[in-house]
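A.B. asks: Pasting in a structure now, in structure tokens, and then I'll have a few things to ask.
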Amino acid sequence: DVVETQEHYKSRWRSIWIMYLTMFLSSVGFSIVIMSVWPYLQKIDPTADASFLGWIIASYSIGQMVASPLFGLWSNYRPRREPLVISTAISVAANCLYAYVHVPHSHNKYYMLTARALVGFGAGNVAVVRSYIAGATSLTERTSAMANTSACQAVGFILGPVFQTCFTLIGEEGITWKLIRLQLNMYTAPVLFGALLGVINIILIFAILREHRVDDLGRQCKSINFEGEESGVLDQDAEGNVDHVAVVAINFLFFVILFVFAVFETIATPLTMDMYSWTRKEAVFYNGIILSVVGIESVIVFMVVKTLSKKTGERAILHGGLLIVLVGFFILLPWGKKLPNIQWQEIKNNSIPRTTSIEMLMPFWSLQAMQLPSNHTVEPVGCPVTQSWCLNTPMIYLAQYISSDILIGLGYPVCNVMSYTLYSKILGPKPQGVYMGWLTASGSGARILGPVFVSQVYTHLGPRWAFSLICGVVVVSLLLLEIVYKRLIAFSVRYGRMQE
């Protein structure tokens with residue numbers, strides 16, 4: 001056994017902190033432009049409609065879903081610096097492309113679609129990040145490191161729109177640099193800032209990141225990614241097969257967790273507009289506050305769960321997190337006799353139905369810029385009569401909605417961290433790049449399908465059916481967890497090399 005030196009320990013954790021930063025910047029790259037995509041799209045290409053906006057928003061997750069297994073496979077056989085630098089460079093180039101989508105004379109919307117898909121492709125490096133952290137931490141360090149990673153991701157999602165808001169001070173016109181045809185305005189400045197952060201990230205990866213690997217006990221190991229003359233021992237504990245039943249089970253559970261959260265996030269705007277007669281502006285403003293609070297709650301939970309898991313174990317916490325999510329959606333089921341206000345005005349003035357299927361394909365913040373035409377002096381509010389369920393489905397009270405937000409904001413981060421932690425422990429000393437790629441792809445697929453599910457079921461059948469089906473999906477995942485519960489153990493524990 002090779003005892004880890006203080007110098008090696010510091011170098012190992014410096015590299016892990018670079019991984020935290022990479023995860024943070026990856027999530028900022030997604031959220032920093034999401035509020036301004038729609039007005040920018042309208043400005044550069046008047047032919048683009050709301051349905052095309054849905055594709056632009058989905059293209060990020062599609063790109064990430066395709067790239068994650070590829071970068072994961074790359075990281076299994078080559079130094080991880082390579083896929084990290086290349087993926088970050090792709091994101092930087094994609095952000096620069098986004099800043100120039102106004103230049104072509106036609107088909108501008110397709111250039112924007114390509115840019116967002118490439119940003120998502122670059123974000124496929126989260127599989128490399130997670131696999132590196134899994135390989136560079138012992139079992140006792142793993143939960144804490146995975147929680148920190150998820151917290152950095154959550155903070156990135158929260159701060160992205162904050163950065164965007166700051167850049168709105170530049171205004172729509174901004175400054176034009178004619179020599180290189182660059183327009184620096186409220187739409188392009190955020191992506192150029194993201195590109196700058198990406199360049200800084202690449203420099204830090206070259207300067208600080210070193211390949212480190214330890215076994216489940218924390219002993220230094222060599223691996224296929226090994227570079228240089230650093231001392232270490234070959235890992236003899238890698239012998240044995242991965243439990244693929246447990247692997248598939250965690251992939252399914254992770255898909256469910258991301259799916260229900262995507263539904264929750266997407267449903268916020270249409271649900272509150274239908275139930276509480278909020279206008280678009282009110283729905284965006286109030287839900288923005290609510291989801292910001294949920295984001296802060298999630299970061300706190302990420303920190304608390306690190307300590308809690310040491311006392312109860314990851315499986316029990318995952319079980320508890322799923323139960324909390326189930327209760328959160330069960331509370332959303334309509335009860336009582338009071339019906340929501342019906343949007344009768346919609347028939348009188350023959351206005352366009354306010355809540356369409358495609359609107360639900362968009363996160364709540366992307367609706368911020370979708371305003372009624374200036375000739376509409378009063379925006380119709382309430383539950384549109386085009387949704388037939390509005391006439392017979394009881395309303396969901398605001399107290400129900402707020403309670404559900406709090407519970408889902410508590411259960412989701414718990415499930416997220418425990419899924420990644422259990423997954424990495426089940427895989428053990430085996431190369432985890434491809435496996436982490438599939439897990440990331442599962443989450444990306446869930447983020448694509450969740451809004452589609454909502455747009456169809458909620459619009460045509462109403463909240464009772466939508467939330468009942470979600471509760472059913474969570475119950476199935478709880479039953480699956482019960483069936484595979486005893487198999488969700490660390491690789492070293494499974495082969496008797498460590499005590500649980």
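The values are calculated or read from the model by the stated rules, or taken from the named source; none is laboratory data. Please read these numbers as outputs of a predicted model, since none were measured by experiment. Cβ atoms come from the backbone with ideal geometry, glycine included; neighbour counts cover every protein chain shown. Ligands, DNA and RNA are excluded from the accessible area calculation, which covers all protein heavy atoms including side chains. Shrake-Rupley method; radii C 1.70, N 1.55, O 1.52, S 1.80 Å.
A.B. asks: How much length is gained if the chain between Phe206 and Phe330 is pulled fully straight, taking 0.36 nm per residue apart and subtracting their Cα-Cα distance, in nm to one decimal? The partial results should precede the final answer.
C.D. replies: Numbers: separation 124, 0.36 × 124 = 44.64 nm, distance 4.88 nm.
Length gained, Phe206 through Phe330: 39.8 nm.
A.B. asks: If you don't mind, another one. Could you order the peptides 87-94, 402-409 from most to least packed, using the average number of other C-beta atoms within 10 Å per residue?
C.D. replies: With the highest mean Cβ count within 10 Å placed first, the list reads 87-94, 402-409.
A.B. asks: Heavy atoms of the protein only, probe of 1.4 Å, neighbouring chains included. What is the accessible area of Lys338 in Å², nearest 10?
C.D. replies: We get 120 Å² for Lys338.
A.B. asks: Using a cut-off of 30 Å between alpha-carbon atoms, which lysines can reach Lys337, once sequence neighbours fewer than 8 places away in the same chain are excluded?
C.D. replies: Lys337 reaches Lys281, Lys348.
A.B. asks: If you don't mind, there's one more thing I want to ask. Just the number, please: percent antiparallel of the DSSP beta bridges in the chain, rounded to the nearest 5. Please list the in-between numbers first.
C.D. replies: Details: 4 of 8 bridges.
If we restrict to bridges inside the chain, about 50 percent are antiparallel.
A.B. asks: Could you work out the relative contact order of the range 1-222? I mean the mean sequence separation of Cα pairs under 8 Å and 6+ apart, divided by the number of residues, in percent.
C.D. replies: 35 percent
A.B. asks: Here's another thing I want to ask about it. Give the accessible area for Glu297 in Å² (nearest 10); use a 1.4 Å probe, count only protein heavy atoms, and leave out ligands, DNA and RNA.
C.D. replies: Counting only protein heavy atoms, the figure is 40 Å².
A.B. asks: Can you spot the lysines whose alpha carbon is less than 16 Å from Lys306's alpha carbon? Ignore those fewer than 8 places along the same chain.
C.D. replies: Of all the lysines, those that pass the test against Lys306 - Cα under 16 Å, at least 8 places apart if same chain - are Lys425.
A.B. asks: Do me a favour and compute the ellipsoid semi-axes for the range 1-222 from its Cα gyration tensor, root of five times each eigenvalue, largest one first, whole Å.
C.D. replies: Details: eigenvalues 270, 53, 43 Å².
For the range 1-222, the ellipsoid semi-axes come out as 37, 16, 15 Å.
A.B. asks: Okay, moving on. For Glu379 and Trp177, compute 0.36 nm times the residue count separating them, minus their Cα-Cα distance, and round to one decimal in nm.
C.D. replies: 68.8 nm
A.B. asks: Per-residue ellipticity at 222 nm for the chain, helices alone: DSSP H runs ≥ 4 residues times -39500 (n - 2.57), over residue total, nearest 500 deg cm²/dmol?
C.D. replies: -22500 deg cm²/dmol
A.B. asks: Label-point separation (nm) for Val162 and Ser138, each offset 7 Å from Cα along Cα-to-Cβ?
C.D. replies: 3.5 nm
A.B. asks: Same structure, new question: List the DSSP H helices in the chain whose Cα atoms stretch 24 Å or more along the helix axis and whose mean Kyte-Doolittle hydropathy is at least -1.0.
C.D. replies: Long hydrophobic helices here: 6-31, 50-77, 81-99, 139-167, 189-208, 244-276, 280-312, 314-331, 398-427, 433-461, 463-484.
A.B. asks: Another one. Relative contact order for the chain: what is it in percent, counting Cα pairs under 8 Å that are at least 6 residues apart?
C.D. replies: Reported as a whole number, the value is 25 percent.
A.B. asks: Another question about this same structure. Over the chain, with the other protein chains present, what is the accessible area per residue in square angstrom, probe 1.4 angstrom? It would help to have the intermediate numbers written out before the result.
C.D. replies: On the way: 20950 Å² over 500 residues.
Result: 42 Å² per residue.
A.B. asks: Another question, then. For the ranges 310-317, 185-192, 461-468, 20-27, what's the packing order if you count other beta-carbon atoms within 10 Å of each residue, average per peptide, and put the highest first?
C.D. replies: Output ranking for 310-317, 185-192, 461-468, 20-27: 185-192, 20-27, 461-468, 310-317.
A.B. asks: At 1.4 Å probe size, with the rest of the protein present, what percent of the exposed accessible area of the chain is carbon and sulfur atoms?
C.D. replies: Heavy-atom surface of the chain belonging to carbon and sulfur, 1.4 Å probe: 67 percent.
A.B. asks: Along Cα→Cβ, 7 Å out, is where each label goes; now give me the distance between the ones at Val475 and Tyr77 in nm to one decimal.
C.D. replies: 4.7 nm
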